[in-house]
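Let me begin by presenting the structure, written as structure tokens, before commenting on it.
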Amino acid sequence: MKQIGIWMDKQEAKGVVFENGKESSFHIPSEMDFFNPKGGARSKTKWGPQDVVQDSKYLETEKHQFRRYFQKIVEAIQDADQLALYGPAEASEKFEKELEENHRQLADKVKIREKADSMTDNQFKAMVKRFFKIDDQPQ
């Protein structure tokens, strides 16, 4: 049985894979651009025209970048039997929604989605082992 735990945010996804007593891990950078749209610029004349910030342009770009990021993750977890999703913000929620809409077979394998702040790799592995009840003792 292949059990995969994924911790993700907008910057990266870290995964730990447990299969037949063996442990491996993977790392997928998001390659997302982080936009900080500035407010509209004022004209030099009093009550003059203002430049309008197009939030929709930034949001549309972010949506496409999320879709590419999520596709890389899906390719890495295609053959999973069970999934556990963790993350500090909305990235794990958006990923689960993407799975439900476009990858139903993987969405059915999600056993937990939980908010989790940033942690070390060892803390993350321990959390996934606890959830899947994986014993550290060799068999």
Fill in the blank from the handout: Summed over the other residues with a beta carbon less than 12 angstrom from that of Q105, with K and R at +1 and D and E at -1, the charge totals -2
Handout entry: Radius 13 Å from Cβ of D9, net charge of other residues (Lys, Arg +1; Asp, Glu -1)
Key = 0
Problem - Karplus 3J(HN,Hα) series, Hz, for segment 20-25 with 6.51 cos²θ - 1.76 cosθ + 1.60 (x for Gly, Pro) - result: 6, x, 9, 10, 9, 9
Problem - Long-range HN-HN contacts of S30 with modeled amide H, under 5 Å - result: E12, A13
Handout entry: Ranked list, fewest to most other Cβ atoms within 10 Å of each Cβ, for Y86, Y58
Key = Y58, Y86
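Would you mind getting me the FRET efficiency between R68 and A89? Use the beta-carbon distance for r and R0 = 25 Å, nearest 0.05. If you can, show how the numbers build up before the last one.
Numbers: r = 18 Å, r/R0 = 0.73.
Given R0 = 25 Å and the Cβ-Cβ separation, E is 0.85.
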Practice task
Give the distance, in whole Å, between the Cα centre of segment 1-35 and the Cα centre of segment 82-109.
Solution key: 12 Å
Fill in the blank from the handout: Long-range amide H partners of V110, meaning residues 5 or more apart or on another chain whose placed amide H is closer than 5 Å, are L83
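Provide V74, V128, V17 in ascending order of the number of other Cβ atoms located within 10 Å of each residue's Cβ, fewest first. All intermediate terms of the calculation are to be shown ahead of the outcome.
Values: V74 15, V128 23, V17 19.
Listing V74, V128, V17 from fewest to most nearby Cβ atoms yields V74, V17, V128.
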Fill in the blank from the handout: Amide H neighbours of Y86 at under 5 Å, excluding residues fewer than 5 places away on the same chain, with H built from the backbone geometry, are I6, W7, M8, E114
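Just so you know, all these numbers are worked out from the coordinates, no wet-lab data involved. Since this is a predicted model, take the numbers as computed values, not measurements. Cβ: placed from backbone, ideal geometry, glycine included. Neighbour counts: every protein chain shown.
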